[in-house]
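A short write-up of the structure that comes next.
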Amino acid sequence: MGSTRYDLDARYDRARKAGYGTKSAGEIFTQNAKRMAHESMNPHGVSFRESRDSEVHPHSVPIILGLDVTGSMGHIPHELIRDGLPKLMGGIIQGGVPDPALLFLGIGDHECDGYPLQVGQFESGDEELDMWLTRTYIESGGGGNAGESYLLAWYFAAFHTRTDAFEKRGQKGLLFTVGDEPCLKILSASAIREIMGKGQQTYTHFELLEEAKKKYEVYHISVLHSDQALRADRGWKELLGQNCISIADHRDIPNVIKNIICDKFKSKSIGTTGTVGLDQFQML
């Protein structure tokens, strides 16, 4: 995956023809009418999602974006498909990181939802990323329990992704979760088996966070649109410190992610082709 480029002009033209700016979420996210996850995003039986270098992207930068698709956060994917995604990808590339590979995860509640984890593929092209985003089932579930399953993003990143960035260059990827609830604290072996098809160990959220940190810089974007979200934000600050970014307006999500990614890289020089060699990038 990730062998195509993000073309802003092509994306804007396709979005106009597809009606992304005018259609409702139900018209764009067609899995909602089916009330089930897309078969290609069902993690059951998935061994790995891979971010590999290619001729087009010789120094891939793996980025995971875990979107809370429960009731209070289900509008975020719609905002992204309308104009947030081109802002994000265009901003990253124009900011000096030419080879981003983005993987979408849909996050729900493994204690009560039918599809608490949905997984795309690492992609770099505009058409492919739109495809995976619009395949996401916005289940709008969640329950009255202690939070949502953001720890599933950490589990999947730690145990079910492989990247050339880490394996070839010792370079960590970037993992973002976006939500307004606390993180559930236990992922049982039985829940893992139900979601992934196999699993023998129960994990705490602390354990999974530490596992994910081995290969990824881990962030959480806390959307403060309710008193409950403000209370959850305090817990995230204790858990992640400065890697919890609090925002009042969900429309800031693309800019926040873009700034973090671009700030992680310092571009020394860019050739006329717009591609940057490994020796031209330095992790800060």
Q.
Give me the residue from the stretch 49-69 that is more than 25 Å from Asp263 (Cβ to Cβ) and in contact with a strand residue (DSSP E or B) (Cβ under 6 Å, 6 or more places away or on another chain) and, out of that set, surrounded by the most Cβ atoms within 10 Å (Cβ to Cβ).
A. Val69
**Q.** Boolean, Tyr219 is over 20 Å from the mean Cα position of the chain (by Cα), under 25 Å from Asn145 (Cβ atoms) and surrounded by 17 or more Cβ atoms within 10 Å (Cβ to Cβ)
**A.** no
Q: Under 7 Å between Cβ atoms, at least 6 apart or on separate chains: pull out the pairs that start in the stretch 119-135 with a residue that is among the basic types (Lys, Arg) and end on any residue that is open to solvent by 20 Å² or more (accessible area, probe 1.4 Å).
A: Arg135/His38; Arg135/Ser40
Q. Being in a loop (DSSP other than H, G, I, E, B), at pLDDT below 95 and closer than 24 Å to Leu85 by Cβ, is that true of even one residue in the stretch 250-257?
A. no
Q: Go through (1) in a helix (DSSP H, G or I); (2) buried (at least 19 other Cβ atoms within 10 Å of the Cβ) one by one and return the number of the condition Ala33 breaks.
A: (2)
(Q) Here is a check on your reading of the model: is Leu105 open to solvent by less than 10 Å² (accessible area, probe 1.4 Å), assigned to a strand (DSSP E or B), within 13 Å of Met41 (Cα to Cα) and not hydroxyl-bearing (Ser, Thr, Tyr)? (A) yes
Q.
Name the single residue that is nearest to Ser246 (Cα to Cα) among those in the stretch 222-231 being part of a helix (DSSP H, G or I) and open to solvent by 40 Å² or more (accessible area, probe 1.4 Å).
A. Leu230
Q: Would you mind finding the one in Tyr6, Tyr12 that is of a type in the set (Phe, Trp, Tyr), under 24 Å from Ile253 (Cα atoms) and part of a helix (DSSP H, G or I)?
A: Tyr12
Q) Is there a residue being open to solvent by less than 10 Å² (accessible area, probe 1.4 Å), in a strand (DSSP E or B) and closer than 28 Å to Gly143 by Cα anywhere in the stretch 83-98? A) no
Q: Go through the stretch 87-123 and count every residue that is within 14 Å of the chain's Cα centre (by Cα) and within 20 Å of Phe156 (Cα to Cα).
A: 16
Q | Selection from the stretch 207-238 of residues that are touching a Cys at 6+ places or on another chain (Cβ under 7 Å) and in contact (Cβ under 8 Å) with a residue 40 or more places away in the chain | A | His220, Ser222, Trp236
Q.
Let me spell it out: the conditions are (1) in contact with a Ser or Thr (Cβ under 6 Å, 6 or more places away or on another chain); (2) over 26 Å from His75 (Cβ atoms), and Leu184 meets all of them except one. Which number is the exception?
A. (2)
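The values are calculated or read from the model by the stated rules, or taken from the named source; none is laboratory data. The shown structure was predicted, so the numbers you read here are calculated from the model rather than taken from an experiment. We place every Cβ from the backbone using ideal geometry, glycine too, and count neighbours over all the protein chains shown. Accessible surface is based on the protein model in full, side chains and every heavy atom, while ligands, DNA and RNA are left aside. Shrake-Rupley method; radii C 1.70, N 1.55, O 1.52, S 1.80 Å.
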